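What follows is a set of notes on a single structure, which appears directly below.
The values are calculated or read from the model by the stated rules, or taken from the named source; none is laboratory data. A quick note: this is a predicted structure, and the numbers were derived from the prediction, not measured. Cβ sites come from the backbone with ideal geometry, for glycine too, and all protein chains shown count toward neighbours. Accessible surface is based on the protein model in full, side chains and every heavy atom, while ligands, DNA and RNA are left aside. Shrake-Rupley method; radii C 1.70, N 1.55, O 1.52, S 1.80 Å.
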Amino acid sequence: MQEKAFLHTSSEITIDKGFVTWESPSNIALVKYWGKKEHQIPANPSISFTLSNCKTKTTLSYSKRDIGIDKYQFEVFLEGVQQDDFKPKIATFFKRIEQYVPFIKEYKYTIETSNTFPHSSGIASSASGMSALALCIMSIEKELNPNISDSDFIKKASFLARLGSGSACRSLEGDLVCWGTHKEIEGTSDLFGVTYPHKVHDNFKNYQDTILLVDKGEKQVSSTVGHNLMHNHPYAENRFQQAHDNLSKLIEVFKTGDLSGFIEIVESEALTLHAMMMTSLPYFILMKPNTLEIINKIWEFRKASGLHLCFTLDAGANVHLLYPAFEKEEVLDFINTQLVGYCQNGHYICDSTGLGANLLVD
Ligand code: PMV
């Protein structure tokens, strides 16, 4: 499938105003996307668990506008407070998607958004936020063109979300979503996320993700800067190949329920992501001392208990603890007795895999 398949066909603007509300979750990558080409095309395929509790709810109100000097006219509110600093990112998003949804410049907007997790938690809200906004825009497209099928609606929403923030294209559905062409996973595309099509063992159902908030500060490296570090990176080509290989290995792991195989791939992916940052120019260390303390505690606990707790990291210091639902009780006890002291203000968030976005008001 090519980009031109997503171009808008109907040009009749028959609706004056309306509003729509979507909620969309965050996701946590198992095989990481790190490095991109022009137009938000990933340098390698990735796969993530869609989360359930960490969500953004967005209401998009729209009304016909007179064409003025500003190309896009919108206001953004987070928890009821106007956020002018969000505007450049949204304006860039509108600019990127305009050729696919040309009606966007015919309306002015109020974007009201809220997160179920604290904005200052260091948990990225771009995946949930951009996917929720892309879905709202697709709801306007559906008003204008009611014939669009549900599967085309989701595919195009994922395509648009990708243009806002790459990983956002993996948040619309669940509970496992792939993005980026992979030769052994049919239907995969660099343009949008698709639900993982192969067999998944019950061990991976309702998988748990407890997010330990180690550092709630602003991100040290924005993801745009981070992805660019992979251009001319000495290990880039090997890393991209490794992501393909890890996805191939995961197919067997998911099929057989091999939890040890899962742990090895997921932890290696997290450490490789950080190794890429440490070996780029300029270089960064995004882990904090407590990130390493937690990792060592997890390894000790795993050895002593024989349980299947592992970690993954995003481009920051917070630690995602991943474990099967049937080990929840023992792992939560371990978190509360041994890990909570490493979290800022003892703060952590319990989440688990989920099925994606929901339309709340149409
Ligand atoms: O979607 P972006 O551009 O914010 O990049 C996200 C990159 C990682 O979170 C580090 C990995 C991933 O695949 O989600």
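Over the residues of the chain, the helix contribution to mean residue ellipticity at 222 nm works out to -10500 deg cm²/dmol, using -39500 (n - 2.57) for each DSSP H run of at least 4. Ranked by the mean number of other Cβ atoms within 10 Å per residue, highest first, peptides 45-51, 286-292 order as 45-51, 286-292. Computed from phi, the 3J(HN,Hα) profile of the range 180-194 under the Karplus parametrisation 6.51, -1.76, 1.60 (θ = phi - 60°) reads x, 5, 9, 5, 9, 10, 5, x, 5, 8, 6, 8, 7, x, 9 Hz, with x in place of Gly and Pro. Among the listed pairs Lys64/Lys142; Lys37/Lys199; Lys37/Lys57; Lys55/Lys108, those with a Cα-Cα distance over 23 Å are Lys37/Lys199; Lys37/Lys57; Lys55/Lys108.
For a paramagnetic label modelled at 7 Å from the Cα of Glu75 toward its Cβ, which residues of the range 83-116 fall within the zone defined by backbone nitrogen distances under 15 Å? Output list for this probe position: 83-87, 108-113. Distance between the modelled labels on Glu330 and Glu106, one decimal in nanometres: 6.0 nm (7 Å Cα→Cβ projection). Listed by chain and number, the aspartates and glutamates placed with their C-alpha closer than 13 angstrom to that of Lys95 are Asp70; residues fewer than eight positions away on the same chain are left out.
Given their separation in residues at 0.36 nm each and the Cα-Cα distance between them, Gln220 and Leu271 gain 16.6 nm when the chain is fully extended. You can think of it this way: the chain between Arg96 and Asp84 has 2.4 nm of extra reach, that is 0.36 nm per residue less the Cα-Cα gap. If you roll a 1.4 Å probe over the range 1-127 with all protein chains in place, what percent of the accessible area is carbon or sulfur? Its accessible area is 50 percent carbon and sulfur atoms.
The distance linking the range 108-170 with the range 225-278 is 27 Å (Cα centroid to Cα centroid, whole angstrom). Counting Lys and Arg as +1 and Asp and Glu as -1 over every other residue whose Cβ lies under 13 Å from the Cβ of Leu7, the net charge comes to -2. Simple spin-label estimate for Ala304 and Asn238 gives 3.5 nm between the two label positions (7 Å along the Cα-to-Cβ direction from each Cα). Here the peptides 130-140, 68-78, 20-30, 271-281 are ranked by packing, the mean other Cβ count within 10 Å, and the order with the highest first is 130-140, 20-30, 271-281, 68-78.
Each of the peptides 145-152, 157-164 was scored by the mean count of other Cβ atoms within 10 Å over its residues; in descending order, highest first, they stand as 157-164, 145-152.
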